[in-house]
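As structure tokens, the structure follows; a few thoughts come after it.
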Amino acid sequence: MARGRPAGVENASVRLYLASYLFGDRPERFADLVRGNRRGWVIANALDGLDEDRRRRDTRTQIAELSRLGLDASDFDLREHGPQDVVEQFGAPDFVWVRGGNVFTLRAAMARSGIDEIIVRGLRADEFVYAGYSAGACVLSPDLTGLETVDPIDDALIASDEVRFDGLGVLDRLLLPHVDSPGHPESDALGRIVERCTLRDQRFWALRDGQALLIDGSGTAIV
């Protein structure tokens, strides 16, 4: 396992499982990171402003998948919380699972609710595992610039009047999912972002569908 840690989190024991698509090929590696009562939240706000029926179906499906991994999850809808109550309502989960969708919609929902600061503080203190895929993984990057070619900011404005290009800064570089994944409709666009980053000598993580970035405190690996 290559040495490394996210730049935005000082505690070397931070636990992250960031997949390109859904749970990746090694979901047991995520489950192995979780401690305690193995209870946590699913955050699906990257789908805000879109089909609510699809959102509910997908959330139920992902809660069922988490259950098969031995994890007990419930939906934590950021639209229902704000800075005045989010700390109490979020509580002390053992993990959070953040699904994909539009990264700018997700970022705005995190900022509006105040969960962004809670996540960074919680990871710094190693209070829970952060796991997710696609937008749910990308949002931990230091900067989201360039991802607007994949996730339209107009879609984000349907759900929020704010578009933010700052990520949570937990990772030390941009994370790019769906790279070299012909079955995914965004693969070509993300490949072009990889090319631009390479030309600019900008560091990034590139994941194919099926892969995940695993950080467990002792180091970093793509699994």
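Placing a label point 7 Å from the Cα of residue 74 along the Cα-to-Cβ direction, the residues of the range 102-126 whose backbone N falls under 20 Å from that point are 113-116, 118-119.
Computed over neighbours whose Cβ is under 15 Å from that of residue 93, the net charge equals -2, Lys and Arg +1, Asp and Glu -1. A straight chain from residue 222 to residue 84 at 0.36 nm per residue would run longer than the Cα-Cα distance by 45.9 nm. Dividing the mean sequence gap of close Cα pairs (under 8 Å, 6+ apart) by how many residues the chain holds gives a relative contact order of 32 percent.
Quick check on the range 136-207: take the gyration tensor over C-alpha atoms, sort the square-rooted eigenvalues as a ≥ b ≥ c, and tell me if it's rounded (a/c under 1.5), prolate or oblate. Here the range 136-207 falls in the oblate category.
I need the shape label for the range 1-142. Rule: rounded when a/c is under 1.5, else prolate if a/b > b/c, else oblate, with a, b, c from the alpha carbon gyration tensor. Since a/c stays below 1.5, the shape of the range 1-142 is classed as rounded.
Residues within the reach of a label modelled at residue 37 (point 7 angstrom out along Cα to beta-carbon, backbone nitrogen below 11 Å), restricted to the range 81-117, are 92-94. When both bridge partners sit in the chain, DSSP labels roughly 30% of those beta bridges antiparallel. Applying the criteria of a DSSP loop state and at most 16 other Cβ atoms within 10 Å to the chymotrypsin sites (Phe, Trp or Tyr not before Pro) of the range 128-195 yields 165.
Under the classification rounded if a/c is under 1.5, otherwise prolate if a/b is larger than b/c and oblate if not, where does the range 63-201 fall, given a ≥ b ≥ c as square roots of the Cα gyration tensor eigenvalues?
In terms of gyration-tensor shape, prolate.
Amide hydrogen proximity for residue 143: with H placed 1.01 Å from N in the peptide plane, the residues at 5 or more positions away or on another chain lying under 5 Å are 167.
Computed extension length for residue 54-residue 173: 39.7 nm, one decimal, from 0.36 nm per residue of separation with the Cα-Cα distance subtracted.
FYI, it's all coordinate maths here, none of it is from the lab. Quantities reported herein were computed from a predicted structural model and do not represent experimental measurements. As a convention, Cβ positions derive from the backbone with ideal geometry for all residues, glycine included, and neighbour counts pool all protein chains shown.
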